[in-house]
Amino acid sequence: MEIFLIKLLQFILAISLLVLLHEGGHFFFSKLFGVRVEKFYLFFDPSIWKWDGSIFKWKPKKSDTTYGIGWLPLGGYCKISGMIDESFDTEQMQQPVQKWEFRAKPAWQRLLIMIGGVLVNFLLALFIYAMVLYTWGDTYISTKDMTMGMKFNSEAKALGFQDGDMLVGTDKRTFDKFDIDVYRAMADADRIDVRRDGKIVGIDMQQHLNLLEMLKTQPAFARPFIPAEIDSVVPGTPAAKAGMQKGDKIMAINGNEIDSWNSFDYEMSRLSDVMTAAENEADSMRTRTVTVAYSKKNSSEVDTVDMILTPDLRLGVNRTSLLTYYKETHRTYSFMESLPAGVKYGWNTLRGYVGDMRYLFSSDGAKSLGGFGAIGSLFPAQWDWQLFWLMTAFLSIILAFMNILPIPALDGGHVLFLLYEMITGKTPSDKFMVWAEYIGFGILILLMVVANLNDILRWLGYM
């Protein structure tokens with residue numbers, strides 16, 4: 001429960017900050033050009049019976065703007081006079097045009113008002129990335145320092161990869177650190193270079209790899225090789241009762257060779273599948289009863305022991321990590337160095353995210369959509385300011401990109417109609433704009449339902 005609350009608090013704090021600043025972008029340009037803002041709200045405030053839907057609201061003296069917090073935490077809004085938006089307020093549009101209305105301003109001013117939120121979110125992400133680099137620097141393990149290479153799955157081996165290959169780069173770029181960008185680069189590569197037995201070997205790709213397939217398969221397409229060496233043993237667990245200790249290495253489970261934590265995970269996932277299919281307690285107990293072969297620390301002698309795993313198939317050991325075997329690279333940034341580095345970091349993040357959108361229209365891509373639960377789960381289980389700000393910056397980039405999509409009811413839809421007006425000199429009718437808002441709002445509701453339904457199905461174990 002504590003972990004859930006920590007994740008929830010981080011999610012609410014990040015989203016609230018991003019929504020406020022996004023709407024603040026619209027607010028800033030509106031005020032700059034003398035356009036009246038009637039309401040500025042965090043979250044939506046649909047009325048319920050005699051309640052206007054506001055948890056809090058305040059209107060300063062001599063101000064045209066009511067500030068408040070709504071009860072429905074699905075974003076926020078900045079109600080601008082003289083435009084058709086998600087409020088569907090058409091009565092005002094039937095009145096004579098006033099000089100302080102949105103519709104009274106030239107198209108270029110209206111365009112800046114509409115892109116103000118996206119602009120703020122994008123610039124905010126770049127600033128956060130820069131300040132994270134300035135404050136904490138960048139710490140990672142370089143691929144060239146992963147001297148034991150990678151562990152590949154069967155699909156990768158069929159293409160020519162071998163366990164122990166060190167990833168060097170592709171025909172387009174050289175790898176620096178192992179992250180999602182490595183997978184993206186491999187998915188777009190015509191050739192992938194590896195270091196094998198001290199020599200560079202190029203593996204030609206007959207066709208481009210599928211990023212989603214590479215990420216979702218178990219075991220994964222490629223993972224850093226980490227020997228199945230025990231870092232510590234949890235007291236009272238099957239491993240402790242069997243006498244296993246720090247420094248021991250797991251060699252086999254039920255006769256299946258274990259050469260790394262990668263293959264250990266694969267074997268445990270296989271047992272999990274068998275456990276899921278169990279029809280009674282006897283079947284479950286047979287699955288939990290395993291034979292483990294392991295070598296003692298600094299010894300080649302192998303011991304074999306039978307043990308009963310926990311009901312959730314845990315052995316009771318903590319693993320060694322990448323840091324046990326590979327040195328870290330840490331780079332610090334001065335304030336002036338952090339600014340271009342933050343821009344580069346943010347731009348690469350945006351480019352990767354936009355590139356991944358091509359998979360959205362596949363069946364696997366649609367299943368990969370996540371709602372509030374999926375987004376919230378991305379935050380760490382313990383409060384970590386560095387990870388919190390990195391996640392906030394990433395969400396800011398997503399919010400900027402999603403809002404600029406040319407979908408009615410989003411900023412991008414209004415931008416599209418404004419560009420049409422600027423090019424043709426014709427203004428879409430109010431009736432058209434109302435219907436466009438309804439259609440766009442329907443699309444957004446549908447996407448939200450699908451994304452959150454995916455969360456529920458994952459939680460229930462159907463995806």
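The values are calculated or read from the model by the stated rules, or taken from the named source; none is laboratory data. Just so it is clear, the model here is predicted, and its values are computed rather than measured. When we count neighbours, we look across all protein chains shown, and the Cβ atoms used for this are built from the backbone with ideal geometry, even at glycine. Remember, those area values only see protein heavy atoms, side chains included, never the ligands or the DNA or RNA. Shrake-Rupley method; radii C 1.70, N 1.55, O 1.52, S 1.80 Å.
A few remarks follow.
- In the assembled protein chains, Tyr67 presents an accessible area of approximately 60 Å² (probe radius 1.4 Å).
- Relative contact order (%) - criterion: Cα under 8 Å, at least six apart; region: the stretch 71-171: 15
- Within the full protein context, the accessible area of Asp179 is estimated at about 50 Å² for a probe radius of 1.4 Å.
- Distance violations [Cα-Cα > 24 Å] among Lys62/Lys431; Lys79/Lys431; Lys151/Lys344: Lys62/Lys431; Lys151/Lys344
- For the stretch 1-83, convex hull volume per residue from C-alpha positions, Å³: 114
- Percent of Cα pairs exceeding the 19 Å cut-off, where the set is the stretch 1-152: 66
- Each label was represented as a point 7 Å from its Cα along the Cα-to-Cβ direction; for Gln386 and Gln95 these points are 5.4 nm apart.
- Accessible-area order (highest first, 1.4 angstrom probe) of the listed residues Glu279, Glu267, Glu2: Glu279, Glu2, Glu267
- For the stretch 161-208, the C-alpha radius of gyration divided by 2.2 N^0.38 Å, with N the number of residues, is 1.05.
- With viscosity 1.567 mPa s and temperature 4 °C, the Kirkwood radius over alpha carbon pairs of the stretch 116-246 converts through Stokes-Einstein to a diffusion coefficient of 74 µm²/s.
- Over the stretch 170-266, the fraction of Cα-Cα pairs per 10 Å bin, rounded to whole percents and listed from the shortest bin up, is 14, 32, 27, 18, 8, 0.
- The shape of the stretch 14-61 can be summarised by an equivalent ellipsoid whose semi-axes, obtained from the alpha carbon gyration tensor, come to 22, 15, 9 Å from longest to shortest.
- Extending 7 Å from the Cα toward the beta-carbon at both Asn318 and Thr332 defines two label points whose distance is 2.9 nm.
- Taken per residue, the accessible surface of the chain reaches 55 Å², heavy atoms only and a 1.4 Å probe.
- In plain terms, the chain from Thr289 to Ala158 could stretch by 43.9 nm, reckoned as 0.36 nm per residue minus the Cα-Cα distance.
- In the complete set of protein chains, residue-level accessible area for Thr66 is approximately 30 Å², probe 1.4 angstrom.
- Model label points for Lys199 and Asp52, set 7 angstrom from Cα along the Cα-to-Cβ axis, are 7.8 nm apart.
- Computed log10 I(q)/I(0) for the chain at 0.07, 0.10, 0.12 Å⁻¹: -0.51, -0.92, -1.19, from the Debye equation with unit scatterers placed on every C-alpha and solvent omitted.
- Between 0 and 90°, nearest 10: helix 411-424 axis offset from the chain longest Cα axis: 50
- Of Lys61/Lys99; Lys61/Lys426; Lys157/Lys327; Lys249/Lys327; Lys31/Lys57; Lys216/Lys327, pairs whose Cα-Cα distance is over 31 Å: Lys61/Lys426
- Degrees separating the helix 107-136 axis from the principal Cα axis of the chain, which is the longest one: 30
- Percent RCO, i.e. relative contact order, over the stretch 287-346, from Cα pairs under 8 Å lying at least 6 residues apart: 23
- Two-decimal log10 I(q)/I(0) for the stretch 182-222, as the Debye equation yields it once each C-alpha is a single scatterer, q = 0.19 Å⁻¹: -0.60
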